[in-house]
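**Student:** Quick one: the structure is below, and I'll ask about it shortly.
The values are calculated or read from the model by the stated rules, or taken from the named source; none is laboratory data. Keep in mind that this is a model prediction, so the values were computed, not measured. Here the Cβ is made from the backbone with ideal geometry for all residues, glycine too, and neighbour counts use every protein chain on show. We work out accessible area using only protein heavy atoms, side chains counted, and drop any ligands, DNA or RNA first. Shrake-Rupley method; radii C 1.70, N 1.55, O 1.52, S 1.80 Å.
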Amino acid sequence: MSQKYKLFSAPSDGKAICAFFSSPAGCRNGEKCKFSHEKASGSASVQVSDSPHDCSSSVISSESEDDVNATTIALASSSTPTKNTTSTNKISTSTAEDKKSQNSKKKKRRGDSDIFAKAKGDTLSPTPAKKQKLASSNVSPKPVKHNEPNKKSKSTSNRKEKQKQPCTDFRNLDLPVASFSVLEKDKTPKKASENEKSPASKNSKDSNTNGKKKDSGSSLFPLPTSSDVGRKWKDVVIKTREHKSYSTCYDFEKWKQLDEANGVGSTSDWIKARPYGEWSKNNPQAIAIDCEMCETKDPVTGNPNHKALCRLSVVNAENPEETLLDTLVKPEWPVTNYRTWVNGIKKEDLDNVQFTLRHAQAFMFALCSEETVIIGQSLENDLCALRLEHHCNADSANLFVAKDDNNSTPGLKDIAKAVLNEDMPETHDSVNDAITALRCLEFYIEHDGKVEPIERMTQVRNKFASSQLFVHRIPKICSTDHLESLFLNHTWVSPLKIDNIELTGQHGKTVVTFKSSRHANLAFFTLEGDQDSDSSGRAQKKVFLRSGSYIRVRKMVHDKKKPQEEMKEV
């Protein structure tokens, strides 16, 4: 970097002494120099600084006025005349002013409006000295806002809270919905004529014949009391909870533990609705839902999931014509059984679906408060597929009773036929099922819960049920070969077929099929074990293993004759 020399301006009363002439290098201009080359008595000695950083003061430069890194020539005098003293004072004054102007230029280049230039927390007002400097500057500074840092910190914290808070309006969720319907492929359900009354309403009769009432947590769980729509369904929600099977079917802690035991998911995968508040006032306060499930299998562990969600339909109960959501759902694991004959869903329907279980949970979490009434048939299966813990439920399976068996649950098809006098399509359509369950429960409310027991059109759904035995509580160490040996060695009756054992936690279940109903009854009668009846009244036996554990073998149908009488006929 080349040296730059700064010269003092000449005093008004005479010619200034050349600074270069007094230096060791001398003046390059020689006689042409405009300054004096004479050494007067008491003249100031000149020192030239070679370092670009050794600048004692800011002075007028002969080469560049704007260069802040220029080399400075300092004049030091041991004895100076009065005139020189006066000029020195003037030079000092101009030097201070020049320093101020250069500092203002530096601030212009850096930008005085940069809020990050100040130290954090510096919210104090400028000192009086600073105010004077600002007043003498040509550039007017921007006023300092004392609470600006606080506003910024608040806005930052609010931004973080918004990021943590999920979207509370279900209408604004950006979800990859995959629409699907099977009603086009099926015949439209037959409706009853206007003048034909529903069979269930001919005689008003209280359907609450489920035995003694149990406190299933009505006082522990919230009730829909914050809205008019919720209060309409309040009594139905209480009736649902009073059903004797509610505490078992809606034991969500048990379902969570089973999910973890089977490797299907963890407790943290489940969601629970938030308390009712301003955020949910404009949402529907009652919805009808139905889910379709398929079977999947973990390719790593081999654990099955028999309730993998593959379709979700949500209908506004306040306006049944409004379908809030109807979409296919992509299962997490590979599908082993699509159950097409039940839900109409095929492999190609799910291939390009992007909607997942987490999307479904996001929708339900944004839609439902803990007081939102969820309406449906056997809702515990839908809630488990969604992994949604919820207790404001109106379940038609818990409110209608089968005519032939008070302990059995009538199906939605039988309820619709008895209550609405309508035939449902063979293939399930989740939107139609949700609306049908809603209409059946509205009928229940209109008649104040006094409806006739439901006559089941097909009391034995499986035509092979009489020739089958249901085996459950099977330990993991037990295989289908062990079960086959059990019947061969202890009953001398050979099974025709043994289904694969479906494990749920530490135990499993399966169905054993025999050649005829007589063979099944003979195997059950010959099998050693303590006999009793299950909750539905079907006969079952407890068969002990060598390890001390036991399995349960149960008939699939109710006994019409005493076992001893039927054995004589064999």
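**Student:** What do you reckon, how do K272, K307, K32 stack up by accessible area (1.4 Å probe), largest on top? The partial results should precede the final answer.
**Tutor:** Details: K272 120, K307 65, K32 180 Å².
Sorted descending by solvent-accessible area, the residues read K32, K272, K307.
**Student:** How do I271, I287, I17 rank by accessible surface area computed with a 1.4 Å probe, from largest to smallest? It would help to have the intermediate numbers written out before the result.
**Tutor:** Values: I271 30, I287 0, I17 75 Å².
From most exposed to least exposed: I17, I271, I287.
**Student:** Each residue of region 364-379 in turn: what ³J(HN,Hα) in whole Hz from Karplus with 6.51, -1.76, 1.60 and θ = phi - 60°, glycine and Pro shown as x?
**Tutor:** Using θ = phi - 60°, the values come out as 5, 5, 6, 8, 9, 9, 6, 9, 5, 7, 9, 10, x, 10, 6, 5 Hz.
**Student:** Moving on to the next point. Between the DSSP loop rule and a limit of at most 12 other Cβ atoms within 10 Å, which trypsin sites (Lys or Arg not before Pro) in region 310-356 are left?
**Tutor:** Values: sites: R311, R339, K346, K347; in loops: R339, K346.
Those that pass, being in a loop and sparsely packed, are K346.
**Student:** Computed FRET efficiency, Cβ-Cβ of Q531 and R339, R0 25 Å: what is it to the nearest 0.05?
**Tutor:** 0.15
**Student:** How much of D269 can a 1.4 Å solvent probe reach, expressed as accessible area in Å² and rounded to 10?
**Tutor:** Its accessible surface works out to 50 Å², give or take rounding.
**Student:** Once the piece of chain linking D448 and D423 is laid out straight, how much longer is it, given 0.36 nm per residue of separation minus the C-alpha distance between them? Mind showing how you got there, number by number?
**Tutor:** Details: separation 25, 0.36 × 25 = 9.00 nm, distance 2.43 nm.
Full extension of this stretch gives 6.6 nm more.
**Student:** Here's another thing I want to ask about it. Which value in nm describes the separation of the simple spin-label points at C27 and S268, placed 7 Å from the Cα toward the beta carbon?
**Tutor:** 8.4
**Student:** Continuing with the same structure: Given 20 °C and 1.002 mPa s, how large is the Stokes-Einstein diffusion coefficient of region 305-362 in µm²/s, with Rh as the Kirkwood radius over Cα pairs? Mind showing how you got there, number by number?
**Tutor:** Numbers: Rh = 12.5 Å.
The estimated diffusion coefficient comes to 172 µm²/s.
**Student:** Largest first and in whole Å, give the semi-axes of region 340-412's equivalent ellipsoid, each being the square root of 5 times a Cα gyration tensor eigenvalue.
**Tutor:** On the way: eigenvalues 148, 85, 11 Å².
For region 340-412, the ellipsoid semi-axes come out as 27, 21, 7 Å.
**Student:** Here's a follow-up. Could you rank S378, S533 by how accessible they are, 1.4 Å probe, largest area first?
**Tutor:** Details: S378 30, S533 75 Å².
Largest accessible area first, the residues go S533, S378.
**Student:** Now for a different question. Using a 1.4 Å probe, how large is the accessible area of E455, given in Å² and rounded to the nearest 10?
**Tutor:** Ignoring ligands and nucleic acids, E455 comes out at about 110 Å².
**Student:** Over 19 Å between Cα atoms: which of K254/K509; K297/K347; K297/K346; K297/K497; K297/K413 fall into that group? Show your work: numbers first, answer last.
**Tutor:** Numbers: K254/K509 17 Å; K297/K347 15 Å; K297/K346 17 Å; K297/K497 23 Å; K297/K413 30 Å.
Long pairs (Cα-Cα over 19 Å): K297/K497; K297/K413.
**Student:** Which value in Å is the Kirkwood Rh of region 235-329 over different Cα pairs? Walk me through the numbers on the way to the answer.
**Tutor:** Values: mean 1/r = 0.0617 Å⁻¹.
Across region 235-329, the inverse of the average 1/r is 16.2 Å.
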